[in-house]
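Values in this text are rule-based calculations from the coordinates and carry no lab data. Predicted model, so just to flag it, every value in this text is computed and none were measured.
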Amino acid sequence: MQSKLTGIVMGLLTVVGSATFAWAAERAGAVSEQTFFWVTVLTGGFAMALASAMAALAQARAISAALDGMARQPNAAGRIQTALIIGLAFIESLAIYVLLIALILLFANPFSAIVVKGG
């Protein structure tokens, strides 16, 4: 299961990484605003979907391990629960950071002046 998930993540990173080479190529003309907008929307949506999926998997694994630990040692349930809640907050914060970056790309478009005008 672990190697299968690692293969999927590496494959997705390879696809995303190879897309940067396509955007780095020299062009004859500038990119239109509409094209840049749709690429930004697709990138933000893809990043949020990937971040949500990975956060959900990490949270499921953390909850499973915590419940297993509580079942094995009921005396340590309070400490395990505290560590679990802190860990879940950190995991969820990573997904929130991706959402923040996606919203910045969608609404502020800090790179639109560079990409659309060509320089």
When the chain is fully extended, how far beyond the present Cα-Cα distance does Ala71 get from Phe107, taking 0.36 nm per residue of separation? 8.3 nm
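Could you work out the per residue convex hull volume over the alpha carbons of the range 32-114, in cubic angstrom?
Numbers: hull volume 5.4 nm³, N = 83.
About 65 Å³ per residue, rounded to a whole number.
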